[in-house]
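The values are calculated or read from the model by the stated rules, or taken from the named source; none is laboratory data. Remember, it's a predicted structure, so these values are computed and weren't measured experimentally. Neighbour counts are summed over all protein chains in view; Cβ atoms, including those assigned to glycine, are modelled from backbone coordinates with ideal geometry.
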Amino acid sequence: MLTRRTFLQSSAAAVLATSASRACADTPGVTDAEIKIGQTMPYSGPASAYGVIGRAETAYFKMINEQGGVNGRKINLISLDDGYSPPKTVEQARRLVEQEQVAFLFNTLGTPSNAAIRPYCNDNKIPQLFVATGAAMFSDPKHFPWTMGWQPNYQTEAKIFAQHILSTKPDAKIAALYQNDAFGKDYLIGLKEGLGDHAGMIIKEATYETSEPTVDSQVVTLQASGADVFLIAATPKFAAQAIRKAFDIGWTPERYMTDVSQSIASVMKPAGPEKSKGVITAVYGKDPTDARWKNDPGYKEYAAFVAKYMSAKDLIDANVVYGFGLGATMVQVLKQCGNDLSRENVMRQAANLKDLELPMLLPGIKINTSPEDYSPIRQEALASFNGASWEQFGELYMG
Amino acid sequence: MARADELARFATLAVFAAGLAFPFLASGYHIYQGAQTLIYAIALLGLNLLTGFNGQISLGHGAFFAIGAYGTAVLATKAGLPYWAAIPLASVVCFVAGFLFGFPALRFGGLYLALATFALAVATPQILAFKGFEGWTGGFQGVILTKPKPPFGLPLTGDQWLYLVCFFSAALLYWAARNLAKGRVGRALVAIRDHPIAAETMGVNAALYKTSCFGVSALYAGVAGGLSAIAVGFVSPESFGLALSLSFLVGVVIGGLASLGGVIFGALFIEFVPNIADQLTMSFGESAKALPGAIYGVLLILAMAAAPTGAAGALRMISKRAAGALGFR
């Protein structure tokens with residue numbers, strides 16, 4: 001279908017074509033037949049479970065290439081192992097840029113890894129696009145105009161919880177449990193920002209270290225404060241403990257839990273389906289295990305991709321859904337670039353996504369970026385646990 | 001015998017000259033890898049003094065490396081010291097830490113010491129992220145350092161300068177370790193390793209030697225850590241995990257125990273073999289993408305099978321055979 005927009009884009013591309021051949025020659029990794037991009041992934045080491053994201057993205061670009069590529073160019077993703085070690089990430093990023101001559105970096109994974117290469121990317125004006133971390137520090141266009149996140153960051157999510165609390169329980173007394181690191185602190189910052197003038201509603205905070213065996217004593221302290229809302233910004237093991245302990249001591253607040261810990265198998269079941277009933281979390285993607293999406297065109301597109309380019313066991317892996325979404329976003333940016341694949345234009349187009357909807361994002365969630373806004377996904381819906389699965393409710397929130 | 005000594009001197013000079021010429025011939029990325037290799041070599045020198053010469057196994061040298069790196073980062077960013085002052089200061093801290101750790105280590109022998117140092121390696125990342133130190137260490141956020149620029153308007157790139165700093169540090173520390181190992185101290189260390197009771201009977205103060213050796217070894221690791229902090233420009237708890245400590249031990253064994261020249265091979269192994277493993281996964285197709293660790297393991301076994309006494313031992317054997325073939329003795 002030829003819409004007015006695609007017509008305008010293609011005619012604009014035609015106009016640009018003459019000047020673009022010069023731009024191509026200037027940008028490393030770009031030829032008439034190919035665009036070479038790079039990433040680091042923890043294929044080995046403590047975070048190797050995330051390596052499947054790199055596999056999914058490689059597979060996604062293979063699919064795009066078999067369909068003819070983008071504007072006639074094939075996408076060549078070079079995905080290198082960094083073992084989740086920041087010194088190695090720096091080395092591999094330099095190899096990608098200086099040896100492999102990639103046009104830019106795409107979805108490099110990990111908060112410390114991305115923090116380590118951010119100065120290099122920004123000093124050398126190399127786009128560090130859609131980094132795979134929820135830390136809010138990577139959406140800071142003023143100081144780091146070459147670095148951009150993708151998923152809703154922890155602050156965004158906490159702000160959404162704050163909105164829901166304000167609208168449903170305006171006189172709530174909030175107790176917050178958070179991990180003592182960048183993730184937990186981002187969460188608390190977001191919550192306070194979201195509550196705005198009502199930040200005083202947070203009557204008690206407690207932190208834990210990942211080295212602690214349990215968070216039982218923190219939960220008891222929080223209960224004693226008399227709070228009726230319990231925010232859990234904890235990683236899976238501790239989130240499960242917090243839910244269980246609160247229930248066991250007869251504390252029944254409204255519970256909000258970070259999406260980091262929404263795995264049913266590793267959090268909700270260990271906590272106990274009865275005890276975790278009613279917990280609220282935030283979601284932005286379609287859950288591939290949810291029967292509700294069975295006939296959804298977006299899900300079907302995803303399932304067809306997995307069936308052809310990955311293996312059957314990958315279908316229900318949330319990381320594959322994630323890689324699928326990243327690949328689609330990247331393709332959209334390249335489409336918008338037309339024939340001008342200079343680093344400046346790639347960054348300009350990444351910061352110029354307008355109402356982009358993706359097959360596996362919840363209906364209504366739109367990706368929007370601008371030169372001042374480097375947080376592509378800012379909307380999420382709430383879901384509550386019914387003892388067996390997450391049930392989405394209410395409208396979309398914007399954090 | 002004189003001939004073998006001459007040969008060794010010639011080889012040392014050749015390696016020195018090649019190392020010095022390298023940054024003027026290679027690209028920025030390769031120079032960075034070269035600097036990383038030298039940094040590992042420094043840490044391996046220290047560990048080899050401890051494990052190779054003195055027979056004390058340490059699975060925790062990543063911890064001293066981390067103290068050196070964080071010490072340098074904190075001194076440079078919080079106290080505003082230049083890196084050339086921060087690194088030596090941080091290394092002295094490492095010496096003290098190593099010396100003190102050497103005391104309880106006296107009570108452990110062999111595998112028990114390995115376990116005690118292992119605990120050090122496991123604890124390090126969490127201690128670095130500990131809340132109480134967060135004002136200095138930045139907790140999980142880590143610390144970002146600015147990379148040093150060449151002084152006095154020298155016509156060098158930042159990478160070349162960093163490499164040369166690492167190169168001359170490594171050369172100096174190699175020279176020091178060699179002198180230490182060749183003389184009375186070295187003989188005492190080896191005697192304690194091979195026969196502690198006989199050594200004590202001969203009047204060697206085993207406790208003092210062992211703790212000092214631990215301290216010096218930690219100092220080497222600290223210099224390496226400090227250089228790593230300025231070369232990478234970033235420190236965070238994830239940079240100093242258990243894998244780092246284990247890779248040091250791998251490097252020492254691959255290079256050859258009690259061989260100071262061998263550390264360069266050990267360092268090359270640590271730096272490049274994980275990259276080679278990652279490259280090899282690509283040739284096995286998409287499904288192997290998750291297996292660089294397994295391929296690394298296979299390469300490690302192959303290396304040990306090919307050179308059971310490390311690279312230094314293999315070289316010794318080759319040169320002996322070559323000398324035999326040529327009629328030298």
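Selection over the stretch B:241-266 of residues that are of a type outside the set (Val, Ile, Thr) and away from chain A (no Cβ under 14 Å) gives a count of 12. Tell me, yes or no, whether the stretch A:220-238 has at least one residue that is among the basic types (Lys, Arg) and farther than 17 Å from A:Lys169 by Cβ. Yes: the stretch A:220-238 contains one or more residues that are among the basic types (Lys, Arg) and farther than 17 Å from A:Lys169 by Cβ.
So which residues in the stretch A:270-291 are crowded, with 19+ Cβ neighbours inside 10 Å and among the acidic types (Asp, Glu), if there are any at all? Listed by number, the list holds a single entry, A:Asp287. In contact (Cβ under 8 Å) with a residue 24 or more places away in the chain, more than 24 Å from the chain's Cα centre (by Cα) and either within 12 Å of chain B (Cβ to nearest Cβ) or surrounded by fewer than 22 Cβ atoms within 10 Å (Cβ to Cβ) (or both): does that describe A:Gly83? In short, no. Residue by residue through the stretch B:228-274, note down the ones that are within 21 Å of B:Ile31 (Cα to Cα) and polar (S, T, N, Q). Of everything in the stretch B:228-274, those that are within 21 Å of B:Ile31 (Cα to Cα) and polar (S, T, N, Q) turn out to be B:Ser228, B:Ser239.
Which condition from (1) polar (S, T, N, Q); (2) outside any loop (DSSP other than H, G, I, E, B); (3) under 22 Å from A:Leu334 (Cα atoms) is the one that A:Gln101 breaks? (2) is the only condition that A:Gln101 fails.
A:Asn65 passes every criterion in (1) farther than 18 Å from A:Gly134 by Cα; (2) in contact with a helix residue (DSSP H, G or I) (Cβ under 6 Å, 6 or more places away or on another chain); (3) part of a helix (DSSP H, G or I); (4) more than 10 Å from every other protein chain (Cβ to nearest Cβ) apart from (2). Taking the criterion of being within 13 Å of another protein chain (Cβ to nearest Cβ) and either out of contact with any strand residue (DSSP E or B) (no Cβ under 8 Å at 6 or more places or on another chain) or under 30 Å from B:Leu25 (Cβ atoms) (or both), the residues of the stretch B:135-152 that qualify are B:Gly138, B:Gly139, B:Phe140, B:Gln141, B:Leu145, B:Thr146, B:Lys147, B:Lys149. Being modelled with pLDDT under 80, in a helix (DSSP H, G or I), more than 10 Å from chain A (Cβ to nearest Cβ) and over 23 Å from A:Gly110 (Cα atoms) is a description that applies to B:Gly132.
Within the stretch A:169-185, can one find any residue that is out of contact with any strand residue (DSSP E or B) (no Cβ under 6 Å at 6 or more places or on another chain), more than 14 Å from every other protein chain (Cβ to nearest Cβ), surrounded by fewer than 24 Cβ atoms within 10 Å (Cβ to Cβ) and without any contact (Cβ under 8 Å) to a residue 40 or more places away in the chain? Taking every residue of the stretch A:169-185 in turn, at least one turns out to be out of contact with any strand residue (DSSP E or B) (no Cβ under 6 Å at 6 or more places or on another chain), more than 14 Å from every other protein chain (Cβ to nearest Cβ), surrounded by fewer than 24 Cβ atoms within 10 Å (Cβ to Cβ) and without any contact (Cβ under 8 Å) to a residue 40 or more places away in the chain.
Taken together, the residues in the stretch A:216-240 that are more than 23 Å from A:Gln163 (Cα to Cα) and either out of contact with any helix residue (DSSP H, G or I) (no Cβ under 7 Å at 6 or more places or on another chain) or outside the structural domain of A:Gly272 (by TED's automatic domain parsing) (or both) amount to 7. The number of residues in the stretch A:345-364 that are outside any loop (DSSP other than H, G, I, E, B) and either basic (Lys, Arg) or not assigned by TED's automatic domain parsing to the domain that holds A:Phe144 (or both) comes to 1.
For the stretch A:264-290, name all the residues that are under 25 Å from A:Glu395 (Cβ atoms) and among the small types (Gly, Ala, Ser). Within the stretch A:264-290, A:Ser276, A:Gly278, A:Ala282, A:Gly285 qualify.
Please tell me if A:Val306 is assigned by TED's automatic domain parsing to the domain that holds A:Ala318, aliphatic (A, V, I, L, M), on the phi < 0 side of the Ramachandran plot and in contact with a helix residue (DSSP H, G or I) (Cβ under 9 Å, 6 or more places away or on another chain). So A:Val306 fits the description; yes. With (1) touching a residue at least 40 places away in the same chain (Cβ under 8 Å); (2) within 29 Å of A:Gly338 (Cβ to Cβ); (3) part of a helix (DSSP H, G or I); (4) at the interface with chain B (Cβ under 9 Å from one of its Cβ atoms) as the list, and A:Tyr120 as the residue in question, which single condition is left unmet? For A:Tyr120, the exception is condition (1). If only residues of the stretch A:210-269 that are assigned to a helix (DSSP H, G or I) and of a type in the set (Phe, Trp, Tyr) are counted, the one that is surrounded by the fewest Cβ atoms within 10 Å (Cβ to Cβ) is A:Phe247. Among the residues of the stretch B:41-88, the one identified as free of Cβ contacts under 8 Å to residues at least 40 places away in the same chain and on the phi > 0 side of the Ramachandran plot is B:Gly80. Scanning the stretch A:137-168 for residues that are within 14 Å of chain B (Cβ to nearest Cβ) and surrounded by fewer than 21 Cβ atoms within 10 Å (Cβ to Cβ) gives A:Met137, A:Asp140, A:His143, A:Phe144.
For the stretch B:89-126, a residue qualifies if it is in contact with a helix residue (DSSP H, G or I) (Cβ under 7 Å, 6 or more places away or on another chain) and within 14 Å of another protein chain (Cβ to nearest Cβ), and the qualifying residues are B:Ala121, B:Val122, B:Thr124, B:Pro125.
Residues in the stretch A:89-116 that are of a type outside the set (Asp, Glu) and free of Cβ contacts under 8 Å to residues at least 40 places away in the same chain were compared, and the one that is farthest from the other protein chains (Cβ to nearest Cβ) is A:Asn114.
Of everything listed in (1) within 14 Å of another protein chain (Cβ to nearest Cβ); (2) in contact with a Cys (Cβ under 8 Å, 6 or more places away or on another chain), the single unmet condition for A:Pro127 is (1).
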